[in-house]
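*Asks:* Take a look at this one; I'll ask things after.
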Amino acid sequence: MTDLREFLGRLDDDPLLRASANLRTMSRVREQLERIPEMAWMGDPVEVRLADLLVLMNQLMTRMR
């Protein structure tokens, strides 16, 4: 858990890291979505890295504050 907290803390403290992490995450998510067939169901699983999920959640929570 410490690594996750440290990662999120660094995202909050360093705007340059946050910007690059957001761009990298969005690029990887886009790649994953492009691999999904058009006829896929909304409930079909998609593989997302934990670090990418944390970046996205952090961004959403920041917008809600």
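The values are calculated or read from the model by the stated rules, or taken from the named source; none is laboratory data. Just so we're clear, the structure is a prediction, and the values are computed from it rather than from any experiment. Positions of Cβ are backbone-derived with ideal geometry, glycine not excepted, and every protein chain shown enters the neighbour counts.
*Asks:* Scan the stretch 6-27 and tell me whether some residue there is β-branched (V, I, T) and touching a residue at least 24 places away in the same chain (Cβ under 8 Å). Let's see the steps before the verdict.
*Replies:* Of the residues in the stretch 6-27, the ones β-branched (V, I, T) are 25.
Now narrow it down to the ones that are touching a residue at least 24 places away in the same chain (Cβ under 8 Å): 25.
Yes, the stretch 6-27 contains at least one residue that is β-branched (V, I, T) and touching a residue at least 24 places away in the same chain (Cβ under 8 Å).
*Asks:* Hey, could you check the stretch 21-64 for residues that are among the acidic types (D, E) and either modelled with pLDDT under 90 or over 17 Å from E6 (Cα atoms) (or both) and say which is surrounded by the fewest Cβ atoms within 10 Å (Cβ to Cβ)?
*Replies:* Step one: of the stretch 21-64, the residues among the acidic types (D, E) are 31, 34, 38, 44, 47, 52.
Add one more test, that the residue is either modelled with pLDDT under 90 or over 17 Å from E6 (Cα atoms) (or both), and what stays is 31, 34, 38, 44, 47.
Values: E31: 9, E34: 7, E38: 4, D44: 9, E47: 6.
Across the stretch 21-64, the extreme among qualifying residues is E38.
*Asks:* Among the residues of the stretch 1-46, what is the count of those that are of a type in the set (S, T, Y) and touching a helix residue (DSSP H, G or I) at 6+ places or on another chain (Cβ under 6 Å)?
*Replies:* Of the stretch 1-46, the ones of a type in the set (S, T, Y) are 2, 20, 25, 27.
Of the ones still in play, those that are also touching a helix residue (DSSP H, G or I) at 6+ places or on another chain (Cβ under 6 Å) are 25.
The number of residues fulfilling the criteria is 1.
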